[in-house]
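The structure under discussion appears below in the form of structure tokens.
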Amino acid sequence: MAIAPIEKIEIRRGMKLADYASHAALTPLVSKLEHESQSAVRAMRGRHIWMLNSTARGGGVAEMMPMMIALLRELGFQTDWIVMNCDRPEFFQLTKRLHNMIHGDPGAAPDPGERQLYEDVNGRAADALAEIVKPEDLLVVHDPQPLAVGAFLKKSMGLSFIWRCHIGLDQRTDSTSAAWRFLQSYAVECERAIFSAPEYIPDYLAGRSLIIHPAVDPLSHKNRELHPIKHAGVLANAGLMPTVDPMVRPPFEHQAQRLTTEGFVAATKPDHIGLLFRPMVTQVSRWDRLKGWMPLLEGFARMKQRIHDGADAFARRRMQLVRLVLAGPDPASIQDDPEGVAVLEEICAAWQAMRADVRADIVLLALPMHSAKENALMVNALQRASSIIVQNSLREGFGLTATEAMWKSIPVLASSACGLRQQIRPGIDGIMLEDNTNPEAIAVALADLLNDPVGRDRMGRSARRQVYEEFLIFTQLRRWARLFAEWGQKRGGAK
């Protein structure tokens, strides 16, 4: 049975602006947002804002959407979330290839048949969306998958659309050029384009593009403060640490799974991971080759082989006890990432080939996606149990996992990918690797950061301040409000 080409996602009532304002540190940010949004709400009166992307689960866009839409509604904007559905796996194989090409991976330019596939899927979604939108509305299209929907609706009914592209590369290669050429005929129809860094903007969108950084929600399940009892409870309910005493809340129905030589099993087997007790180096990302999993794996292994190089007994003990946690979602649950399973299999094979003593200190976790809330709490608890968060991306559109760690006052060891450079100040909020494909450089950086607890605390405090000032949802929404005000005023206000 064919699935509907589009789906309207219901947004559950979540945090309200008053909830944020009740936190003293957030009160001035909420006040500033409410004040600056007033003119935009007036300009958009009578006009609906439709947010469109290609998946309701997995990835930063899907995570951001419910919170963003709920707060826009409370501010007074009429806003809804639409997902473009597709039951043709070859479509997502094509768009994943375009995604990788935009990030610089070699790839063949789509052939005429693939363009037809792309337009067929987008065309079905555009036809369905045309039945519910009005010409005076505004469509915001996220990323390349549904880009043509905006172009088709502009031509068929005069609907204005904004393209929010969350990916990019700070250099041009044959692959990036081929991908941008494929998207050009659709992208040039947008009213405005939004990118996460100026380096990402293709030439044909120069002059009509602006920068809006992604942001985190400080009260979301992934980012809210966890009282020590709550923190331990989440880890126990997720199956990430053993339960000692009776728990108020029952275990999660779907718990984290840990790789062993026998395959994925309960995360507390064959032993307790050591969360809350051992030093932890953690990377949480999609199972994607662009996340730099393999160099990180090898770099950590090299660092562990130097346990006795520490300057004092505490340093040696820290190096002996530290573990690496590589965590990602159940790849089968992410519809638009067909490479996820294959990448995870490659990482598992590399882990299996390691020496047994090193392998014992590397934990591979598959986090279930059945419950968005429970998954977010697992990530929150894992990050807060970490001494260092790594984001070793070869390419990174922005990297909200780094932002999340910074908000939790955890220093980040990051690559110099363009998106990460937008937020991490080297030596202030964390450490940036000059060559994140070099396991030796990773080993040295990990050891240096791990054995500098005073420096880690200082970087963690600076990182949290950086997020407070630049990368919380309130700043992002203020920038969106300015754009909506500009667009609505150009069209004469209320209808």
Checklist entry - Taking the stated definitions as given, is Met459 crowded, with 22+ Cβ neighbours inside 10 Å, farther than 23 Å from Met15 by Cβ and touching an Asp or Glu at 6+ places or on another chain (Cβ under 8 Å)? => result yes
Checklist entry - Can you find a residue in the range 131-139 that is of a type in the set (D, E, K, R), in contact (Cβ under 8 Å) with a residue 12 or more places away in the chain and touching a His at 6+ places or on another chain (Cβ under 6 Å)? => result yes
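For the range 232-249, state whether one or more residues are over 19 Å from Met15 (Cα atoms), hydrophobic (A, V, I, L, M, F, W, C) and in contact with a Cys (Cβ under 9 Å, 6 or more places away or on another chain).
Checked against the condition, which is being over 19 Å from Met15 (Cα atoms), hydrophobic (A, V, I, L, M, F, W, C) and in contact with a Cys (Cβ under 9 Å, 6 or more places away or on another chain), the range 232-249 yields no hits at all.
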Checklist entry - What residue, among those in the range 67-92 that are among the charged types (D, E, K, R) and within 22 Å of Pro144 (Cβ to Cβ), is nearest to the chain's Cα centre (by Cα)? => result Asp80
Next on the checklist: Which count do you get for residues in the range 90-116 that are buried (at least 20 other Cβ atoms within 10 Å of the Cβ), part of a loop (DSSP other than H, G, I, E, B) and modelled with pLDDT of 95 or more?
Outcome noted: 1
Checklist outcome for this item: For the range 253-284 the number of residues that are in a loop (DSSP other than H, G, I, E, B), surrounded by fewer than 21 Cβ atoms within 10 Å (Cβ to Cβ) and on the phi < 0 side of the Ramachandran plot is 13
Checklist entry - Which of the residues belonging to the range 392-423 are touching a helix residue (DSSP H, G or I) at 6+ places or on another chain (Cβ under 7 Å), in a loop (DSSP other than H, G, I, E, B) and within 14 Å of Glu434 (Cβ to Cβ)? => result Asn392, Leu394
Checklist outcome for this item: Heads up, the helices (runs of 4 or more DSSP H) in the range 429-495 (entirely inside) with at least 2 residues that are within 25 Å of the chain's Cα centre (by Cα) and within 15 Å of Gln391 (Cβ to Cβ) are 439-450, 453-470
Checklist entry - Can you name the number of the only condition in (1) closer than 30 Å to Glu404 by Cα; (2) surrounded by fewer than 19 Cβ atoms within 10 Å (Cβ to Cβ) that Ser54 fails? => result (2)
Checklist outcome for this item: In the range 337-381, anything of a type in the set (Phe, Trp, Tyr) and in contact with a Pro (Cβ under 7 Å, 6 or more places away or on another chain) is listed as none
Checklist outcome for this item: Expected output for the range 106-118 (first residue among the acidic types (Asp, Glu), partner surrounded by 16 or more Cβ atoms within 10 Å (Cβ to Cβ) and in a helix (DSSP H, G or I), Cβ below 9 Å, 6+ apart or cross-chain) is Glu114/Leu94; Glu114/Arg97; Glu114/Phe182
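Under the condition of being part of a helix (DSSP H, G or I), in contact (Cβ under 8 Å) with a residue 40 or more places away in the chain and not aliphatic (A, V, I, L, M), which residue from the range 314-356 is nearest to Pro439 (Cα to Cα)?
Trp351
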Next on the checklist: Within the range 47-72, take every residue that is modelled with pLDDT under 95 and not in a helix (DSSP H, G or I) and give me the one that is nearest to Phe91 (Cα to Cα).
Outcome noted: Ser54
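The values are calculated or read from the model by the stated rules, or taken from the named source; none is laboratory data. Keep in mind that what you see is a predicted model, and the values were worked out from it rather than measured. Methodologically, a virtual Cβ is constructed for each residue, glycine included, from the backbone with ideal geometry; neighbour enumeration extends over all protein chains shown.
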